[in-house]
Amino acid sequence: MGALVGAAIVYANYFHALDVFEGGRGIRTLKTGGLFSTFAADYVTNVSAFFSVFLATAILIFVIIAFTNRGNAHTPTVLLPLALFITLVGIAAGLGMDTGFAVNPACDLGPRLLTSMVGYGKAVYTFRQPVIVWLFIPKGMV
């Protein structure tokens with residue numbers, strides 16, 4: 001719900017700029033749809049996108065578990081935000097270009113719902129795949 005509201009605020013702020021860029025009032029295409037959701041780059045295959053998202057998520061989870069596990073050497077809790085920041089910057093720099101830094105599906109569903117409601121239509125769900133496939137696979141793959 002929060003991602004949907006956040007995307008609505010951003011859309012309301014840039015509504016007129018989107019009209020100018022798209023070439024008319026209410027015209028919406030996937031050229032600007034990528035501002036709200038993550039779409040894989042044109043040169044990335046579905047298998048490559050899946051592996052990229054899987055690897056990025058695995059690295060993030062590994063770092064979180066390593067720093068928060070009580071069985072490991074004691075790490076000061078004040079360093080956790082710094083470790084997560086460095087990890088996210090590394091993931092974004094190394095793996096973010098292929099899939100638009102698609103690591104958390106929860107951050108993509110709300111904006112995708114908003115874009116379908118404000119005029120982008122079903123194109124946000126059928127980018128490369130039919131709707132049913134989008135619902136059952138990780139979002140970086142579609």
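List the DSSP H helices in the chain whose Cα atoms stretch 18 Å or more along the helix axis and whose mean Kyte-Doolittle hydropathy is at least 0.0. Correct list, ordered by number: 2-22, 46-68, 80-99. Each residue was assigned an accessible area with a 1.4 Å probe, and for residue 5 the value is about 70 Å².
Between residue 46 and residue 117, the C-beta separation translates, for a Förster distance of 22 Å, into a calculated FRET efficiency of about 0.25. Projected onto planes of every orientation and averaged, the convex hull of the alpha-carbon atoms in the chain covers 10.1 nm². Apolar share of the accessible surface for the chain: 73 percent from carbon plus sulfur atoms, 1.4 Å probe.
Only one residue of 12, 72, 113 has its Cα farthest out toward the positive end of the dipole of the chain, where Lys and Arg carry +1 and Asp and Glu -1 on Cβ, and that residue is 113. Using a cutoff of 8 angstrom between alpha carbon atoms and counting only pairs six or more residues apart, the relative contact order for the chain works out to 41 percent. Distance between the C-alpha centres of the stretch 79-98 and the stretch 1-69: 17 Å, rounded to the whole angstrom. Model label points for residue 86 and residue 29, set 7 angstrom from Cα along the Cα-to-Cβ axis, are 4.4 nm apart.
The values are calculated or read from the model by the stated rules, or taken from the named source; none is laboratory data. Predicted, not measured: the structure shown is a model, and the values here were computed from it. Cβ sites come from the backbone with ideal geometry, for glycine too, and all protein chains shown count toward neighbours. Accessible surface areas use protein heavy atoms only, side chains included; no ligands, DNA or RNA. Shrake-Rupley method; radii C 1.70, N 1.55, O 1.52, S 1.80 Å.
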